[in-house]
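A.B. asks: Okay, here's the structure, questions in a sec.
What follows is calculated from the coordinates using simple rules that are stated; it is not laboratory data. Nothing here was measured: the structure is a model prediction, and the numbers come from that model. Backbone-built Cβ (ideal geometry, glycine too); neighbour counts: all protein chains shown.
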Amino acid sequence: MTEIEAGGQSRVYRGVPVAEGIGIGPARLMDPAHVPSHVPRYRIGDDSIEREVRRLKRAFREAREELEELAERVRRQLGEHEADMIRAQVLMVEDPAFVTEVEELIVEKRLNPEAAVAEVVGRFEEMIASIDDPYLRERSADVRDAGRRVLGKLLFVDGAINPTLTEPAVIVASHLVPSLTVRLDREMVLGFVSEHGGRTSHAAILARSLAVPAVTGLEGLTDEVLDEEMVIVDGADGVVIVQPTNEQLEKYREMERRFLARRRAVIAQTARPAVTADGAAVKVLANVGDAGELALAREYEADGVGLYRTEVEYLTHTSLPHEERLVEEYSRAVELFPQAGVVFRALDIGGDKFPPSVPLAHEKNPFIGLRGLRLLLQHVDDLMLPQLRAIARASAAGRTAVMYPMIASVADLQAALELFDRALDEVKEEGHAVGPDIRQGVMIEVPSCVPMLPELLGACSFGSVGTNDLVQYLLAADRNSERMVDAYDPFHPAVIRTLAAILEAGRAAERDLSVCGEAASDPPFLALLIGLGYRVVSVNVGAIPRVKGVVRALSVAGCEDLARRALSARTAEEVLSAAEDFTVEHVEPAQERALDAPRGKG
Ligand code: PEP
Ligand code: MG
């Protein structure tokens, strides 16, 4: 973490900018120890000690019962040896030393039970990690798991996630995980600041769609900031100021006013169609994950929903949703866009998304582990079929499509298509109404897809390019790591050439293609996409008004010239500087003119 300035109490840090905007408010630390990265930490009142200790004991009891059941199931299915691993965790949650240490923190330090559990688990983990014996060292994962289970019991109430922010605050966390981001009340979150995470991590995407200013890559910050200290977050420049001076506060409040005024002006023009200066229409679809984002997609007049991240529902509940609940949720989405349509993405969990209702083994590299369709194919009855049945049933409400994440081979797609047929036959046989034409598509995000596109596109109706993952897998650069923000570069010539090859394959197969990764909402990248020939983008819902404005400022002829130069470039720097110069020259002046012009349709 770079501290760039310190004067009096005020400390200024520079990290990686994630979501633009200015946030000013008291800090709220969400993760004190090394253990789960999303634990609220606050002081409890004297009168609530007894209640909190009772809550703690109940959490331990429930965790123990759950682990005992799990050990028994594992014994029956896999054998004694595997069950012993779970039993080690039972011993952990029964250990009086563990329980007493946590209780002491609650009673003596007035710490909330969640933070107390996390702190003690952190201590145990550290102790075990320092042991010489490699076998015993490995056991620190058991401690973490057991602790996480107790924490889950504390954080979740009646199957729904317990809201933990009672006043507006800037969240300071070591990792911003999607399960934290989705459950926070948007009205209460003034900014996100984290030690770790990349620009296209799912939490970062959520921050942008919630329009919450965010900065990452500030390693060590959780040790530097105290709860309630005043913090300024500048998400465009990646600057975080702790305990700002009055002059700094004044300066940033003015910047915040200007930023919000500009955003309001851009939003006021969202009804104007996204047509380039030389007359080419570009469809701007929305990426959404929940009802709030769907409502915004309507408000911003999206041309439909190009990516419905269905996993959000699973991240916010402790039990699997029933089919009826999914049908209701999906039908409501389709009803909002009956003509333009909704593309539901089959559940993409694993990677950095771990719903509490789906117990998954720890993997060293979860992004190249059991994720997306690979995971679904191992959970056909409990995850995949119920969801596909719900999507099929929702199609009665209007235009519906489904696409499959993390397709790596033709066999993957075949398996998915067969399961969809099965789901469709089942619901029809049961007498449910379904729409006349449910389109199925492939997400193009694993590089092995690209040479197989003739076969893949031949077998389905459309493709959607997920640049967030395509870039990370193509360049071997973790999208979730703040250390990879330079290596993870959508402007790399290999990415541009791959995007051109994908478009070529789409044309040859006569299939619709769209781009649904975050890069599509970055003006210089959008210019490149249009120049390459893409005419449909699906973007973070918060970016829709701006993306439409950028399209209106571009001309296809200019973009094509830019794309030609990018295709012959040798380095990412060449591509980026050409695209940025182009945007500065063409987009910015046109946007300034548009913002000065009268508002509304036209
Ligand atoms: C992508 O990979 O580009 C994408 C849109 O999906 P996600 O970000 O959810 O992985
Ligand atoms: Mg993806």
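A.B. asks: Roughly speaking, what is the centre-to-centre gap between segment 102-124 and segment 371-431 when only Cα atoms are used, to the nearest Å?
C.D. replies: 44 Å
A.B. asks: Can you work out the base-10 log of I(q)/I(0) for segment 46-155 at q = 0.19, 0.21, 0.22 1/Å, using the Debye formula on its C-alpha atoms alone?
C.D. replies: Normalising to I(0) and taking log10 leaves -0.94, -1.08, -1.15.
A.B. asks: Further question on the same structure: Between R54 and D84, what's the calculated FRET efficiency when r is the beta-carbon distance and R0 is 45 Å? Round to 0.05. Intermediate values should be presented prior to the final figure.
C.D. replies: Details: r = 32 Å, r/R0 = 0.70.
So the FRET efficiency works out to roughly 0.90.
A.B. asks: While we're here: Size of the dipole of the chain about the Cα centre, Lys and Arg at +1 and Asp and Glu at -1 on the beta carbon, nothing else charged, in debye to 20? Numbers along the way, then the final one.
C.D. replies: Working: 68 positive and 97 negative charges, 352 e Å.
It comes to approximately 1700 debye.
A.B. asks: Using the reciprocal of the averaged 1/r over all distinct C-alpha pairs, how large is the Kirkwood radius of segment 310-444 in Å? Display every interim value, and only then the final one.
C.D. replies: Details: mean 1/r = 0.0664 Å⁻¹.
One over the average 1/r among Cα pairs gives 15.1 Å for segment 310-444.
A.B. asks: Longest exposed-loop-site-free stretch of the chain, with trypsin sites (Lys or Arg not before Pro), DSSP loop and at most 10 other Cβ within 10 Å?
C.D. replies: 1-363
A.B. asks: Give the distance, in whole Å, between the Cα centre of segment 210-239 and the Cα centre of segment 442-520.
C.D. replies: 32 Å
A.B. asks: To the nearest whole percent, what portion of all C-alpha pairs in segment 64-127 is separated by more than 13 angstrom?
C.D. replies: When all Cα pairs of segment 64-127 are counted, 66 percent exceed 13 Å.
A.B. asks: Further question on the same structure: Where Rh is the Kirkwood radius over the Cα pairs of the chain, the temperature 20 °C and the viscosity 1.002 mPa s, what D in µm²/s does Stokes-Einstein return?
C.D. replies: For these conditions, the coefficient is 84 µm²/s.
A.B. asks: Okay, moving on. Helix-derived [θ] at 222 nm for the chain: sum -39500 (n - 2.57) over DSSP H runs of at least 4, divide by residue count, nearest 500?
C.D. replies: Counting only the DSSP helices, I get -15500 deg cm²/dmol.
A.B. asks: Let me ask something else about it. I need to check one value: relative contact order of the chain, counting alpha carbon pairs closer than 8 Å and at least 6 residues apart, in percent.
C.D. replies: Computed over the chain, the figure is 15 percent.
A.B. asks: While we're looking at this one, here's another question. For segment 229-315, what's the relative contact order in percent, using C-alpha pairs closer than 8 Å and at least 6 residues apart?
C.D. replies: That works out to 18 percent.
A.B. asks: Restricting to Cα pairs below 8 Å that are 6+ residues apart, what does the relative contact order work out to for segment 310-444? Please round to a whole percent.
C.D. replies: Once normalised by length, the contact order is 29 percent.
A.B. asks: Using DSSP to define loop residues, name the GluC sites (Glu not before Pro) in segment 330-429 whose beta-carbon has at most 16 other beta-carbon atoms within 10 Å.
C.D. replies: Here the sparse-neighbourhood loop sites are E363.
A.B. asks: Only four residue types carry charge here, +1 at the Cβ of Lys and Arg and -1 at the Cβ of Asp and Glu. Report the dipole size of segment 310-444 about the Cα centre in Debye, rounded to the nearest 20. Before the final figure, lay out the partial values.
C.D. replies: Numbers: 13 positive and 20 negative charges, 81 e Å.
So the magnitude is around 380 debye.
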